[in-house]
Amino acid sequence: GKEHERIKKKEFPQRQKLLCIFGTGDLGRSLGLRLLQSGYGVVYGSRRPHSCGPLPQGAQVMTHAEAAQSSNLIFICVHREHYELLTTMEHHLKGKVLVDLSNNLKKGMYPEANAVYMQRLVPSAAVVKGLNTLSAWALQNGLLAGKQVFLCGESGEAKQAVAHLATKLGLTVLDKGSLSAARELEDFPLKLFPEWRLPLSIAVGLTAFFFFYLLIRDVIYAYVEKKNEISYRIMVSLANKVFPIVALVMLSLCYLPGAIAAFFQLYRGTKYRRFPNWLDRWMLCRKQMGLVALGFMKNNKTTPFYFDNTEAWGTDSFISLGILGFFLFVLLGLTSLPSVGGSLSWREFNFIQSKLGHLTLFICTAHGYIYGWNKFLRPSTYKWYTPPGYMLCLIVPSVVLVLKLLLLLPCVDRALTRIRQGWERTQPKEMDEIKTTNL
């Protein structure tokens with residue numbers, strides 16, 4: 001008997017011809033359809049095998065106990081509330097692999113992960129948590145190629161069997177270790193754009209600030225000081241001013257954390273110390289911040305009226321830089337998309353995102369400076385002693401460009417390159433410890 005079990009376990013990771021699915025809902029039906037199309041036989045376990053609704057053509061349906069005896073690998077596509085049925089057929093599940101695909105409605109809904117709870121209910125089976133990030137829609141439409149899924153479980157053989165099957169479905173598998181990672185896997189589908197929260201919060205804050213700031217300067221000022229009612233400009237004219245301002249500030253915020261990180265490394269003399277959490281989080285969402293900035297970007301059309309040669313040069317330069325900056329801005333956004341960025345080499349991607357990115361920031365900043373080159377010293381520019389919005393939005397990008405210019409100085413660039421190649425500056429305290437040890 002032991003020899004038979006040993007041979008059975010050894011052969012288990014091989015391809016399974018007949019697979020079992022508990023649950024005939026949308027997820028169970030879609031998974032069965034995809035398995036049938038991949039060459040597997042499928043048998044469903046249902047509480048009502050004679051009235052469970054239409055199933056994929058070629059699949060069988062029977063009671064849970066009968067279905068469990070037909071396959072060594074069983075997909076559990078039912079909610080946690082129905083796990084109790086597993087205890088009634090524990091002797092049928094002994095030595096089987098149970099793949100838990102369940103998710104919860106919210107985080108922390110139960111004191112323990114669903115997969116851990118299932119393993120506790122059926123200790124004689126090998127529970128694997130995985131494939132729970134796949135939706136019924138994605139399975140039904142075959143949108144699986146290259147999609148990454150996660151597995152965790154206590155049995156290496158069981159995970160290998162599930163990974164083999166997932167690979168045949170066109171999925172990329174990542175092993176997350178033991179069942180202690182099940183809680184993390186069950187929380188994945190509950191995440192709501194975690195990388196987008198900070199960029200969107202900053203964009204909303206900047207939009208609200210500049211909208212009310214320009215509302216006071218343009219609309220309220222005109223009504224109080226000149227008795228001029230221009231509230232009709234709130235919906236369109238103010239938006240035309242606010243959106244480009246927010247876009248430029250957001251673009252500069254994409255490159256500011258890189259400059260700050262470089263000065264951190266220069267100050268510390270090493271690249272092996274972690275950045276502060278706020279800076280680390282900021283750097284991780286730079287792509288999302290840039291895409292949000294692109295969403296705010298607006299290419300205004302201007303009809304120039306020239307009064308002299310100087311104004312003609314300024315207006316034409318303003319328009320040409322605006323068009324060029326808009327084009328480069330769109331190029332940055334396109335290469336941020338995985339489908340486009342994945343086709344580029346590392347050097348090409350780095351050249352566009354870093355070199356052309358800073359060039360875009362410089363052009364857009366110069367676009368703003370040229371717009372107000374002859375207005376900075378006019379007293380009429382400062383309504384109620386407040387600077388116009390375009391002056392405020394030039395502060396952050398100007399700081400970023402100055403910091404970048406400092407980092408490009410040969411002496412600074414040389415030191416930073418050495419640090420990023422692994423060189424470390426020995427600290428005085430460390431030198432004292434070394435001397436003490438040698439003595």
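Restricting to bridges with both residues inside the chain, how much of the DSSP beta-bridge set is antiparallel, in percent to the nearest 5?
15 percent
Return the loop-located trypsin sites (Lys or Arg not before Pro) in segment 307-409 (DSSP other than H, G, I, E, B) with at most 14 other Cβ atoms within 10 Å of their own Cβ; answer none if there are none.
375
State the label only: which of (1) 98, 64, 45; (2) 64, 55, 44; (3) 97, 77, 39 corresponds to Cα extents along the principal axes in Å computed from the shown model?
Of the listed options (1) 98, 64, 45; (2) 64, 55, 44; (3) 97, 77, 39, (3) comes from this structure.
Considering only lysines 8 or more places apart in sequence, or on different chains, count the pairs in segment 45-178 whose C-alpha atoms sit under 24 Å apart.
22
Determine, from the Cβ-Cβ distance of residue 82 and residue 197 and an R0 of 35 Å, the FRET efficiency 1/(1 + (r/R0)^6), rounded to the nearest 0.05.
0.55
Would you mind ranking 88, 315, 63 so that the residue whose beta carbon has the fewest other beta carbons within 10 Å leads the list?
88, 63, 315
Test of understanding: what is the full-extension gain from residue 274 to residue 327, defined as 0.36 nm times their sequence separation minus their Cα-Cα distance?
Extra length available between residue 274 and residue 327 comes to 15.5 nm.
Give the calculated FRET efficiency between residue 409 and residue 17 to the nearest 0.05, with a Förster radius of 45 Å applied to their Cβ-Cβ distance.
Approximately 0.10, to the nearest 0.05.
Working from Cα positions, state the angle (0 to 90°, nearest 10) between the long axis of helix 309-336 and the longest principal axis of the chain.
That helix lies at roughly 10 degrees to the long axis.
Kindly identify segment 50-116 as rounded, prolate or oblate by the Cα gyration tensor criterion: order the square roots of the eigenvalues as a ≥ b ≥ c, call it rounded if a/c is under 1.5, otherwise compare a/b with b/c, prolate if a/b is larger, else oblate.
Oblate shape, in that a/c is at least 1.5 and b/c is the bigger or equal ratio.
Would you please name the chymotrypsin sites (Phe, Trp or Tyr not before Pro) within segment 217-285 that are DSSP coil residues with at most 15 other C-beta atoms within 10 Å of their C-beta?
272
Please state the shape class of segment 194-431: rounded when a/c is under 1.5, otherwise prolate if a/b exceeds b/c and oblate if not, all from the C-alpha gyration tensor.
The shape class here is prolate.
Which of the trypsin sites (Lys or Arg not before Pro) found in segment 128-166 are in a DSSP loop and have at most 15 neighbouring Cβ atoms, other than their own, within 10 Å?
Answer in residue order: 147.
What are the ³J(HN,Hα) values, in whole Hz, obtained from phi via the Karplus relation 6.51 cos²θ - 1.76 cosθ + 1.60 with θ = phi - 60°, for each residue of segment 34-50 in sequence order, with x given for Gly and Pro?
5, 5, 4, 5, 8, x, 9, x, 10, 10, 9, x, 9, 5, 10, x, 9
Where nothing but the Cβ of Lys and Arg (+1) and of Asp and Glu (-1) is charged, how large is the charge dipole of the chain around its Cα centre, in debye to the nearest 20?
300 debye
Starting at the first residue of segment 379-396, write each ³J(HN,Hα) from the Karplus equation 6.51 cos²θ - 1.76 cosθ + 1.60 with θ = phi - 60°, in whole Hz, x for Gly and Pro.
Using θ = phi - 60°, the values come out as x, 5, 5, 9, 6, 6, 6, 10, x, x, x, 5, 5, 5, 6, 7, 5, 5 Hz.
Would you work out if segment 2-190 is rounded, prolate or oblate? Take a ≥ b ≥ c from the square roots of the eigenvalues of the alpha-carbon gyration tensor; rounded if a/c is under 1.5, else prolate when a/b is larger than b/c, oblate otherwise.
In terms of gyration-tensor shape, rounded.
Could you order peptides 188-200, 389-401 by the average number of other Cβ atoms within 10 Å of their residues, highest first?
389-401, 188-200
Compute the angle between helix 286-296 and the longest alpha-carbon principal axis of the chain, please, reported from 0 to 90 degrees and rounded to the nearest 10.
The two axes meet at around 60 degrees.
Taking 0.36 nm per intervening residue step and subtracting the Cα-Cα distance, what contour gain separates residue 47 from residue 220 on full extension?
55.4 nm
Read the figures in this text as sums done on the coordinates, not as results from a lab. Quick caveat, the model's predicted, so the values are computed rather than measured. Virtual Cβ from ideal backbone geometry, glycine too; neighbours counted across all protein chains shown.
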